[in-house]
Every structure is written in C-alpha cells, then in structure tokens.
Amino acid sequence: MIESTAPGFRNVPRTGVIYVMHRAEQHGFRYNHPAWANLGQGAPETGPLPGAPPRIEQISINPSHHEYGPITGQVVLRQKVADLYNHLYRHGKPSQYTYENVSISGGGRVALTRLAAALGNINMGHFLPDYTAYEELLSVFKAFIPIPILLDSEQQYRADLDKLKREIMGRGLQALLASNPCNPTGQVAEGENLRDWVQMAREYRCSLILDEFYSHYVYTGAADEPPRLVSATAFVEDVNRDPVIVVDGLTKNWRYPGWRISWTLGPKEVINAIASAGSFLDGGANNPFQGHVLALLDPELVMQETAATQAIFRQKRDYALMRLQQMGILVEAPPQGTFYCWANLSELPPPLNDGMAFFEAGLEEKVITVPGVFFDVNPEKRRNFARYRSYCRISFGPEKEKLEQGLDGLERMIARYR
C-alpha cells in the first residue's frame, strides 16, 4: 500500500466531466482554444441568440451586499422564484408557492448536497443512467442507502410507472432522485406521465426530488408551437404537503453557468431542513449577484429566452443526430430534451466501440466526449459490472460552428479505424 502524503484523506474521484477536462488539459486543451471542440461540455453556449433577450454584460454591486447573505437567500429573490413558478405552472390553483417554499444556493451541486445532507436513514432510489455527479453525492452521505433502478434502451430509457411503484413498495423507498429531462439520455417525463409521478409520490409518501435544470430544453412539441416547459410543480396539489422537491437555476435554462445561482422549491419543512444543512455546508449563495437575478425571472423574458433557446438547440440536435447516424453511431432514443445525445458506439470498429477508448482517441483530434461509464451511477463501487462501456455522451451545447468542428473531428477519427 502506498502511504498517503497527507494521512487520513481518501482518494476523491473526479466527476465524469471534470475527469475528461483534466485529461484534455493534459493533451493541450485550453478554454477558448480555437483548435479544440468540447463536445463533452455540460453547459450551453452563453452568447447572444437570435430573438433572445440581451445578455447581461455589466453588473453593479450594492455595497451592503458585500456582507454575508441569508443562508436561504434574499427574500425578494425567493419570492420572485415562487412567483415565476406560480405564473408558469400553478395559475388558478388554490395552493401557491411563497418565499418560504424557496431556498437559494450556489449552483445545482450545492442545492443537491444540501438535500442529501438533510435526508434521514432511508432507502433512496436513483436511475441508471443518470447525472455523473450523483455518484459521489450518493457516496459521501451515509444516512441513506442508494438503490439503483435500471432504465433500458428497449423502453427508450423511460421509467415504467408500475415498476416504480413496485420499487417503492418492495424496497421501502422514501425518496427518489432523478433528472428530468434526463442527463444523459435526454428523455422527458411530462404531461400525464409526470402527473402520475407526482400522484405516486403523494399516495406512497415517497419524496420526489427532481433535478429540473434542463426543463426549458424540451423538443416534444412542434417547432412552430410556443415553447414547452416541464416541471413537476404543475401537478402539486398542496405545496406544503406533497413531497415534491425541485431544483433548478441559472446554469442551463438561463445560460449563465458561471453565476452559480440555483434554487430549491418544496414544502416549508424541507426548506427549513436544507437551510440547516446549508448553514454548515456552504454558508449561502453569492450575495451581490442575487439582486441581478430578479430581472431574469420576469415571465415574459423567460418565455422569450426559452423560445430562442429551443429554436437554436432543436436545430443543433437535428444536425448532431444526422451526423452521428452517418458515422454509424446509434442514438437509440433521440433526445426529447437537454442538449445531449446518448450515443451507442457498439457498431464502430474496435477499439472505438468502447466509450473510454473513443474518448481517448478523440483527444488526438482535439475533440472531447464523455465516456458512458461515468453515468453508471455506482456509489462506493458496490457493483462490479459497468453497464455502459460502449456508450458516450455527446453534447450539442456548444455553438453550431464548434459542434460542426467537433463532429468533423470524430468523423476523421472513425475513418482512420475503418
């Protein structure tokens, strides 16, 4: 055994995206380097889009906000978030969200970490595949036991409601964690399907924790229809009794990932619990930026931004799917949301039919992807078999020119092995 330089510390793994970026940097990658195309990125393009509101280019800071902010965030921002959800999803419903149902935090991982720290000694279900960062999140906190629920390509990576109910009853699940739309498969639970999920959570008393960071990237409607947004909050009956907790923020839907501002909506009891967790975990979100978020949450501007984003990203999705098909890369379930293609590499010549080898070969063409094994959420490595070795996640988050550049590089790489 090699003695640790600093005794007492464990080996903390990097999440999938962090790992691939570290490897890419070892090959010369730098952000904004013109020769590189990052098709592994977990963030959307952040520049102006046709028809979108102007991007924020300057901010001024209220001197009083140099002080610490409240753990749960500024009350005016919390109420603004509540008002937005009431406007978008709860028009005419007797039970409405207030600031007491909202907590502000420093990005999605922080919000999810607060939730994980507030969970008790329970069994918590999570899906396979799903967001890479869930793995370490589900490993660090020992109070709850993570229970994997497998999603199959034969069912288009969609969760069967009857199966979920059996999992809840048979394994005694008291919480279920999922991204919706799903990262990496791009599949969406919406409409009656999502209503059934919320009703299941209500009837079976199983907390439904939904990561809704891609909820404005939905392509299930027609291109000429108004933009479609998805949230479980539309089907909540009583905001303080239904065990439904959603997490979202500026990172994806508003295309401001560097701001590190997120929010959690749920029953007051949950908001109080995660506030206690935040008091020792992170101390609260960036205080000066919170006042500048208010204008971004104006419903009219939100719909304007969403319409512009969906139009551009739908075009990029269709382009990426066409190019991948031409290369012999399978996408078993075309993405209904997000900006990712969950790509099956099994038909490619060896060694490119392995996600890790595909990633490493791509670095030689200055293209970054994310191997599928990172989405086989496996806390503490309890399972030996890695199910998604022949998969990778390919992002169409970058600008169209970079997407074309990256796909050109993958095409050259595949041609060499053929």
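Taken together, the values in this text are just the output of simple stated rules run on the coordinates, not laboratory data. It should be emphasised that the depicted structure is a prediction, and the values quoted were computed from it without experimental measurement. When we count neighbours, we look across all protein chains shown, and the Cβ atoms used for this are built from the backbone with ideal geometry, even at glycine.
Points worth noting:
- Spatially proximal lysines relative to residue 402 (Cα-Cα < 20 Å; intrachain offsets below 8 disregarded): 252, 316, 366
- Relative contact order of the chain: 24 percent, from C-alpha pairs under 8 Å at least 6 residues apart in sequence.
- Label separation (residue 155 vs residue 60): 5.5 nm, computed from points 7 Å beyond Cα along the C-beta direction.
- Extension gain, residue 162 back to residue 75 (0.36 nm per residue minus Cα-Cα distance, nm): 27.3 nm
- Remark: the range 157-254 is approximated by an ellipsoid whose semi-axes, taken from the C-alpha gyration tensor as √(5λ), come to 24, 15, 13 Å, largest first.
- Helix-only mean residue ellipticity at 222 nm for the chain, each DSSP H run of n ≥ 4 adding -39500 (n - 2.57), per residue, nearest 500: -11000 deg cm²/dmol
- Rounded to 5, the percent of DSSP beta bridges in the chain classed as antiparallel: 45 percent
- R0 of 25 Å, Cβ-Cβ distance residue 364-residue 18: FRET efficiency to nearest 0.05: 0.75
- In nm, spacing of pseudo-spin labels at residue 315 and residue 193 (7 Å Cα→C-beta vector): 2.8 nm
- Against the chain, whose longest principal axis comes from its Cα atoms, helix 355-364 is set at around 70 degrees.
- The equivalent ellipsoid of the range 69-301 has semi-axes of 25, 22, 17 Å, largest first, where each one is the square root of 5 times an eigenvalue of the Cα gyration tensor.
- Between the alpha-carbon centres of the range 194-214 and the range 321-368 there is a gap of 32 Å.
- Kirkwood hydrodynamic radius of the range 5-119, from inverse mean 1/r over distinct Cα pairs, in Å: 19.1 Å
- Once the mean of 1/r is taken over each pair of separate Cα atoms and inverted, the chain shows a Kirkwood hydrodynamic radius of 22.1 Å.
- Separation of alpha-carbon centers, the range 291-308 and the range 48-104, rounded to whole Å: 10 Å
- Normalised contact order of the range 69-301, rounded percent, pairs of Cα under 8 Å and 6 or more residues apart: 29 percent
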